[in-house]
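The structure appears right after this line, and notes come after that.
The values are calculated or read from the model by the stated rules, or taken from the named source; none is laboratory data. Predicted model only: the values in this text are computed from it and were never measured. Positions of Cβ are backbone-derived with ideal geometry, glycine not excepted, and every protein chain shown enters the neighbour counts. Ligands, DNA and RNA are stripped out before the accessible areas are found, and what is left, the full protein with its side chains, is counted by its heavy atoms. Shrake-Rupley method; radii C 1.70, N 1.55, O 1.52, S 1.80 Å.
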Amino acid sequence: PFRTSMDYYGGCQQQHNGRFLIDNSNSGLDEASIKQAILYGLTFKKVGHKVVLIIGLESNVCEGIATEALLSLAQSDSLDHVVFVSDQERTLGKGVIQTNNLESALRKALELTDISDVIISCVKMWR
């Protein structure tokens with residue numbers, strides 16, 4: 001895999017099992033950087049290919065983001081699937097899949113995608 005810094009949203013782009021992975025998961029994640037990562041990730045979408053957003057927060061971060069704010073950011077017709085990371089059971093929107101950590105969310109995103117699809121990862125967590 002290769003990593004290239006994307007200063008304008010703070011994440012990186014890499015290949016992961018043939019998918020474009022836009023990795024913006026970190027402890028400093030905020031709503032603005034999530035929006036920028038989604039917009040950047042959508043530039044890689046090709047006709048007939050899918051975009052999956054992994055969004056949420058792991059329990060060990062000191063400053064969370066409101067769940068409602070995260071779910072509103074995930075409401076986009078451009079996204080084919082949303083995987084929500086949280087250790088608390090929640091009622092989520094239609095088509096939103098819940099996992100309890102980033103590792104299991106990435107496995108789920110890989111199951112939902114094929115070669116050349118796009119995965120955008122925006123999870124507030126310690127790295």
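Details
- Checking each residue in the range 35-50 for being in a helix (DSSP H, G or I) and either within 19 Å of L106 (Cα to Cα) or modelled with pLDDT under 85 (or both) picks out A37, I38, Y40, G41, L42.
- Some residue of the range 43-58 being open to solvent by less than 20 Å² (accessible area, probe 1.4 Å) and of a type in the set (S, T, N, Q): no
- Note on the range 9-32: among residues that are assigned to a loop (DSSP other than H, G, I, E, B) and modelled with pLDDT of 75 or more, the one that is most open to solvent (accessible area, probe 1.4 Å) is N17.
- Matching residues in the range 73-127 - criterion: being farther than 19 Å from G41 by Cβ, in a helix (DSSP H, G or I) and either touching a residue at least 60 places away in the same chain (Cβ under 8 Å) or open to solvent by less than 10 Å² (accessible area, probe 1.4 Å) (or both): none
- Hey, L53 modelled with pLDDT under 90 and not charged (D, E, K, R) or not: no
- Inclusion of S104 among residues that are at pLDDT 90 or above and more than 12 Å from the chain's Cα centre (by Cα) is warranted.
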